[in-house]
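Heads up: the structure comes next, in structure tokens.
The values are calculated or read from the model by the stated rules, or taken from the named source; none is laboratory data. Remember, predicted model here, so these are calculated numbers, not experimental data. Cβ atoms come from the backbone with ideal geometry, glycine included; neighbour counts cover every protein chain shown. With ligands, DNA and RNA removed, areas are computed over all heavy atoms of the protein, side chains included. Shrake-Rupley method; radii C 1.70, N 1.55, O 1.52, S 1.80 Å.
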Amino acid sequence: MFDLKEIKKKNICIMGLMGSGKSVIGKDLSKYLDLDFYDTDKEIELKTKKDINLIFKENGEAYFRKIEESVCLELLNFENCVISLGGGSITNKSVRKAINQNSYSIYLEVKLKNLLDRLNSSKKRPLLNQNKNKKETLKNLYIERKSFYEESDFIVNNNNDKFVVLEKIKSELKTYAK
């Protein structure tokens, strides 16, 4: 249905803040387009044989970011797949360069209040778990990353129904390929 070669891209990457729905939307989009799906956080956990929280706890964020860069750069060279990128991977200059060269990028934009609602009980978010004020943490991450996210090929609001979001993405991909 959708041929990435037509748009001179190797893959599609999904980006946004934690809780924006990258994994859910990415999986569903990959099924629809009949493409493989990769989640960079899952790939990091497979590579290190540790969950993200444990990596942060034992080795710190800098170590995590180094592994994240390696995994992202490897995946962003894959063809015919959808990749869910970790929320902070976009802050890495090498990762941004690989996205621009190889990927059709989609930013899932979500209101801060909705992110807080989605992440309220999550224990899998080390950047949130380390800080007492989740709202302030998310706000600061958004401010830090916003300009990078907004360089995406397509920005879609993911505050409501995932099926509406998927239809918007499908429609945009059809238009983009023409």
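A few remarks follow.
- Crossing angle, helix 162-177 versus the chain [Cα axis fit, 0-90 degrees, rounded to tens]: 50 degrees
- When a 1.4 Å probe is rolled over the protein heavy atoms, the share of accessible surface on the chain that falls to carbon and sulfur comes to 48 percent.
- Distance (nanometres) between label positions extended 7 Å along Cα→Cβ at Lys27 and Lys66: 3.2 nm
- A straight line joining the Cα centroids of the stretch 139-177 and the stretch 33-108 runs 18 Å.
- Label-point gap, in nm, between Lys174 and Lys139 - each point 7 angstrom along Cα→Cβ: 4.1 nm
- Solvent exposure of the chain, expressed per residue, is 54 Å² of accessible area, with all protein chains present and a 1.4 angstrom probe.
- Against the chain, whose longest principal axis comes from its Cα atoms, helix 22-33 is set at around 20 degrees.
- Taking a point 7 Å from the Cα of Asp3 along the Cα-to-Cβ direction, the residues of the stretch 26-61 with backbone N closer than 17 Å to it are 33-35.
- A simple spin-label model places the labels of Phe78 and Lys49 2.2 nm from each other, with each point 7 Å out along Cα-to-Cβ.
- Trypsin sites (Lys or Arg not before Pro) within the stretch 15-69, DSSP loop, no more than 11 other Cβ atoms inside 10 Å: Lys49
- The dipole here belongs to the chain: it is taken about the Cα centre, uses +1 on the Cβ of Lys and Arg and -1 on the Cβ of Asp and Glu, and is about 480 debye.
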